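The block underneath contains the structure these notes are about, expressed in structure tokens.
The values are calculated or read from the model by the stated rules, or taken from the named source; none is laboratory data. Being a predicted model, the structure only gives us computed values, none of them experimental. All Cβ positions, glycine included, derive from the backbone under ideal geometry; neighbour counts span all protein chains shown. Side chains included, ligands, DNA and RNA excluded: accessible areas come from the protein's heavy atoms. Shrake-Rupley method; radii C 1.70, N 1.55, O 1.52, S 1.80 Å.
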Amino acid sequence: MLASGAGFSVASIYYSQPMLEILSRQLHASVTTSGLVPTLTQMGYALGILLLAPLGDRHDRRTIITLKGLLLTLALLLSAAAGNMVVLLAASLAIGITATMAQDIVPASASLSPEAQRGKTVGTVMTGLLLGILLSRVVSGLVAQYFGWRVMFVLAAVLVLMITLVLWRRLPHIAPSTTLGYPALLASMRHLWRQHGELRRAALAQGLLSVGFSAFWSTLAVMLHSRYGLGSATAGAFGLAGAAGAMAAPLAGMMADRRGPALVTQFSTALATLSFAALFLLPLLSVPAQLALIVISAIGFDFGVQATLVSHQTLIFGLEPAARSRLNALMFTGVFIGMAAGSALGSLMLEKAGWPGVVALLTLAGAGSFAVRMSARRIRLAQA
């Protein structure tokens, strides 16, 4: 139930990506302007995480999840009714802010699980979240091509409303872990950020991976259309490859429980970087081989990104149990700043430097994340 809730809510911020070519055509917008749709959605998500997710430590998460679910439903319906790009951009920002109910669900799963199984539990819920991210592209690509992009937003609203009602009925009340007022709650996040170097490294490493992840998926539909003449349904179908990578989440959680999350992050960031860099080989291959390489690369880097994410969450949830929502908020603020930057930079690179420029951006982002995780290893060895 929690995995489904996380998946349906977070999927809302990704439905637009395979539809960008259709959106830009029907609303008469440029590639750069239509690229602002996922950018503002992800900026809204980062803003919502920073300002709203900490409330999970102060209030019953069941109530917060229910309220956000209802508001997300309204934001999706506003997107469906948008008659111009200005309204759609405003609705996209609202979708991002309210879709943070997913980031209330993940700490709730950690609070409800035994400590010895926390990594596995978080990994299971994250599987739902990550499948929501990736399969959302498959669904939206198909629906947009055959029924229209407005139908996709209406369908998304119905799904969110349904899972919100289920969560409201079934989720137990979760007692707050602090009595801090809202200003003090936000102020405490500054203390947490300064106190925990591992939190800072996790946010930076995951944020850099998110730049590459978002740049790839936000430009893929446009690239496939211009280079191969493929439609939004095909672009969305590439999400199936990413969904295979998302299955790394429970495996990464179990590995983190047994071997420690730090080791998993080193392996996973290396895998993501190599998968990004493999895309430099595209000009050397035939068209069928190019498409196959894109699929293989998507499986590899999605596996690396998701395994790193679950391991980072397992790591930070153990730093200070009473502040899990705030720790999660701080890390995911970094993640979705990276997501927003990746969407904007990816669209810019595609327009100015073509697909090779996008691939260079992906690889640099992955290499930066790997460097952060290796620096964390050196710090731990020095302290030992």
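Quick notes on this one:
- Size of electric dipole in the chain: Cβ of Lys, Arg +1 and of Asp, Glu -1, about Cα centre, debye, nearest 20: 580
- Ranking V358, S268, F317 by how far each Cα lies toward the positive end of the dipole of segment 250-360 (charges on Cβ) leaves F317 at the top.
- FRET E, pair L263, V287, Förster distance 45 Å, beta-carbon r, rounded to 0.05: 0.70
- Helical content of the chain, expressed as a calculated mean residue ellipticity at 222 nm, amounts to -27500 deg cm²/dmol (DSSP H runs of 4 or more residues, -39,500 (n - 2.57) each, divided by residue number, nearest 500).
- The simple Förster model, with R0 at 30 Å and r as the Cβ-Cβ distance, assigns R227 and N84 a FRET efficiency of 0.55.
- For segment 95-238, the dipole from Cβ point charges (+1 on Lys and Arg, -1 on Asp and Glu) about the Cα centre works out to 100 debye, to the nearest 20.
- Computed E for T33/V295 - FRET, C-beta separation, R0 25 angstrom, nearest 0.05: 0.25
- Carbon + sulfur, % of accessible area of the chain - ligands and nucleic acids excluded, 1.4 Å: 70
- One entry in [x] 24.6; [y] 20.4; [z] 21.7 is Kirkwood radius over Cα pairs in Å calculated from the shown coordinates; its label is [y].
- Approximating the spin labels as points 7 Å out from Cα along Cα→Cβ, the W193-to-H59 distance works out to 2.3 nm.
- Value of relative contact order over the chain, rounded to a whole percent, pairs C-alpha under 8 Å and six or more apart: 28
- Per residue accessible area of segment 1-67, 1.4 Å probe, in Å²: 32
- Of the DSSP H helices in the chain, those that are both long (alpha-carbon extent of 18 Å or more along the helix axis) and hydrophobic (Kyte-Doolittle mean at least 0.0) are 36-51, 61-81, 85-98, 118-146, 149-170, 197-228, 261-277, 287-317, 324-383.
- q = 0.16, 0.20 Å⁻¹: log10 I(q)/I(0) that the Debye formula gives for segment 96-230, counting C-alpha atoms only: -1.18, -1.45
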